[in-house]
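Worksheet for the structure shown next.
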Amino acid sequence: MLNKRNSDIQLDASWLAVLGDEFEKPYMQSLKAFLVEEKAQGKVVFPASQRWFAAFDSTPFDQVKVVILGQDPYHGPKQAHGLCFSVPPGTKIPPSLANIYKELASDLAIPVPTQGCLEHWAQQGVLLLNATLTVESGQAGSHQNKGWEQFTDRVIQVLNEQREGLVFILWGSYAQKKGAFIDGQRHLVIKSPHPSPLSAYRGFFGSRPFSQTNMYLTSNNKKAIDWQIN
């Protein structure tokens, strides 16, 4: 757990090459200690530990084309599985994802998906990154400010500095603040209100992030994302 040599965490080799040193730093050791203590107290942590780094394993560093930045994993049972906004097949689609699907249908005129697993996006180069990679069951935001944000800041930093022509999709003020340092000359940064029911009607609907992304990718000689979820 939180150890690059630990067989429980099969972090993709391309990410270990750019992030491996992070696992030895004091903040990550403190985070590890916190998570060990949480489990020792019998608390349920989502997602399951083997899924903490699922976003990285699904989307290797050198294959990232797009970054969608979320905040926390879902804190309900059978929801979080390591990809932001995504839920496993068979799980009810959460409200924010339902609004993402509405905008997707409006933007690209494709059918509204009937299930909420976004693995198909991840496998095409869409890094579905939460700022915080774990949460206590039923306690939204419970693992914030424990070290995960420093780790995911580093993720965004290495992508910003070592890659070119990426698309960063920043929904809501939290994501926009976290991604404020992204170089808009090297990358496309798409900003809009968050897709949650509280803010989607303030400018998320009609923002057309999916077509914007594909236009930018194709203009940079990259294959467009097939956004349709079957």
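Observations on the structure shown:
- The calculated 222 nm mean residue ellipticity attributable to helices in the chain amounts to -10000 deg cm²/dmol, summing -39500 (n - 2.57) over DSSP H runs of n ≥ 4 and dividing by all residues.
- Label zone at Lys222, where the point sits 7 Å out along the Cα-to-Cβ direction: region 147-183 residues whose backbone N lies under 18 Å: 155-171, 179-183
- When only the Cβ of Lys, Arg, Asp and Glu is charged (+1, +1, -1, -1), the dipole of region 97-189 relative to its Cα centre reaches about 120 debye.
- Peptides 147-155, 222-230 ordered by average Cβ neighbours within 10 Å, highest first: 147-155, 222-230
- Across region 106-230, C-alpha contacts under 8 Å between residues 6 or more apart give a mean separation that, scaled by the residue count, equals a relative contact order of 29 percent.
- Summary value for region 99-167: 18 percent relative contact order, contacts being C-alpha pairs under 8 angstrom separated by 6+ residues.
- Measuring nothing but how far apart in sequence close Cα pairs (under 8 Å, 6+ apart) lie, relative to its length, region 172-221 scores a relative contact order of 29 percent.
- Accessible surface of region 174-226, 1.4 Å probe: 53 percent of it comes from carbon and sulfur atoms.
- DSSP bridge analysis restricted to the chain gives an antiparallel fraction near 20%, rounded to the nearest 5.
- Its Cα centre serving as origin, the chain has a Cβ charge dipole (Lys and Arg +1, Asp and Glu -1) of approximately 360 debye.
- Summarising the amide proton neighbourhood of Asn130: residues at separation of 5 or more, or on other chains, whose placed amide H is nearer than 5 Å comprise Gly70, Cys84.
- Counting only DSSP beta bridges whose two residues both lie in region 60-180, roughly 10 percent are antiparallel.
- 3J(HN,Hα) couplings calculated from phi for region 162-177 with the Karplus curve 6.51 cos²θ - 1.76 cosθ + 1.60 (θ = phi - 60°) are, in sequence order, 9, 10, 10, x, 8, 10, 10, 9, 10, 9, x, 5, 4, 4, 5, 5 Hz; Gly and Pro show x.
- In the context of the full set of protein chains, residues of region 1-119 present 45 Å² of accessible surface per residue (probe radius 1.4 Å, heavy atoms only).
The values are calculated or read from the model by the stated rules, or taken from the named source; none is laboratory data. Given the structure is predicted, the values throughout are model-derived calculations rather than measurements. No Cβ is skipped: glycine too gets one built from the backbone with ideal geometry, and neighbour counts run over all protein chains shown. For accessibility, only protein heavy atoms count, side chains too; no ligands or nucleic acids. Shrake-Rupley method; radii C 1.70, N 1.55, O 1.52, S 1.80 Å.
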